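This report refers to the structure that appears directly beneath it.
The values are calculated or read from the model by the stated rules, or taken from the named source; none is laboratory data. Just so it is clear, the model here is predicted, and its values are computed rather than measured. So basically every Cβ, Gly included, is an ideal-geometry build from the backbone, and we count neighbours across all protein chains shown.
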Amino acid sequence: MKRALLTCSIFVLLAACNPSGNDRDQTLLFWSSNNAGEIAFSEERAAAWNNNNPSTTLQYQPVPEGQSSEEIILAAVVGKTTPDIYANMWQGSVEFYANAGVLVPLDTLEGFQDYITSRCNALTLAEITSADGHIYQIPWKINPILTIYNKNIFRELGLDTLPVTYSQYLFAAEAFKKDLDHDGFADQWFGNTSVKTVWYQRLFNFYPLYLAASGGMPLISGNKAAFNNTYAIEVFRFLQTLYRENYFSKERLSAGQDPFISGKVATKFTGPWEISHLEKYKPEGFEYDYYSMLVPNGHQGPVYTYGDPKSIVLFNTCRDPQTAFEYIRTLTDISGDLKLMEQTKQLPRRKGLDTLSAYRDFFTANPRLKIFARQADWIRGTDNSPVITEVLEILSQEYEACVLYQKKTPEEAIADAERAVNVLLRVKE
């Protein structure tokens, strides 16, 4: 009942926020996220479009406030009050909305194919192509998940090389723990990651580690669970060890002072958004850096990670998809992507990001983002499944039982997750 009332309230809000169909005949409505930097970027780009295109007005607003942007968009779809252009769609939601028939297949628009192949490499193109063969999204921005570490702590531990493999990391964690025991400290941990069991938290611990270990393998393939393999099992075993040996805290460390800045946590898995926060609040002498996600011993080849991608979509309520696409082209051209980086410090999902001469000055001025730009060619989003959130929820339940509470072996937990996902996907064993 509470959820139904919330959805009704959101619907009323959206109906009030959106102009009537008659008022929008010559207007395209564009929603972005409500991040301050992105609002400034979007306002500037909308004004530039309106100055150069008097026949079609672009009306910009950030996505209306609500419990989450996903709730707002779902309510807008139900109420048929969607914007023409939405630039903050989580990639994992695209297939759900595509199957519901509420998105414009962008590959039917003139000039789209040349545009998308100039922007995306073959791996990204394969990832964004839906099961029906159409493309319903434009990959726009990314926040790759990497390992951040306290350089001072690593120096004190005498680490000559970064602990990039499971065994190296566990060795460093044990050295850190022994130091704490010797000094009498009990509230510091070598690492920290969310212990919340909500599905989306697995996108920032289990999933990037799985992608790193497996070379970017999917969770779902051929409408079946594809994760019952050595990689997923060893990720669960590695994380289980971190909690069993008390290298990671089972407590929620979000309250009070940032535990990474205060030195209570030596490492964590996070994205580039951490940089502006650290630069603003770090104490004098505090040093940090990023490196790749951890991998099994003997790993070869590139190290993938989760890119936390957001995409641009057109809803089928759009009266002029072709003109809307032309606006998106201006939003995401070379200069548009540079403005995005300058004003938001978010990276565009564009092939060869770290090699383009147009961005050289930006990365010189923002050197901490270089590692994320180099990582951009080795990221993955989520699988094109309309039930990917349910898949992650199942994995999260097994994560809780195995990793956090040691009630199952990794083999048992992953096998149980596979069975549950296959039931969800209506696969006969």
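A compact table of results
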read-out: Residues of segment 243-289 satisfying the condition of being outside any helix (DSSP H, G or I), in contact with a helix residue (DSSP H, G or I) (Cβ under 7 Å, 6 or more places away or on another chain) and of a type in the set (A, V, I, L, M); value: I261, A266
read-out: Candidates P218, P163, filtered to the one that is surrounded by 20 or more Cβ atoms within 10 Å (Cβ to Cβ), of a type outside the set (A, V, I, L, M, F, W, C) and assigned to a loop (DSSP other than H, G, I, E, B); value: P163
read-out: Among residues of segment 232-259, those that are at pLDDT 90 or above and within 21 Å of the chain's Cα centre (by Cα), counted; value: 4
read-out: Unique match (being over 27 Å from P218 (Cα atoms), within 21 Å of the chain's Cα centre (by Cα) and touching a residue at least 40 places away in the same chain (Cβ under 8 Å)) among K351, K345; value: K345
read-out: Those residues of segment 366-414 which are among the aromatic types (F, W, Y) and either under 17 Å from the mean Cα position of the chain (by Cα) or surrounded by 16 or more Cβ atoms within 10 Å (Cβ to Cβ) (or both), in sequence order; value: F372, W378, Y399
read-out: So L103, is it at pLDDT 95 or above and crowded, with 22+ Cβ neighbours inside 10 Å; value: yes
read-out: Which listed residue, of F315, F286, is hydrophobic (A, V, I, L, M, F, W, C) and buried (at least 18 other Cβ atoms within 10 Å of the Cβ); value: F315
read-out: Top-ranked residue in segment 204-216 [being touching a helix residue (DSSP H, G or I) at 6+ places or on another chain (Cβ under 7 Å) and of a type in the set (A, V, I, L, M); ranked as farthest from I148 (Cα to Cα)]; value: A213
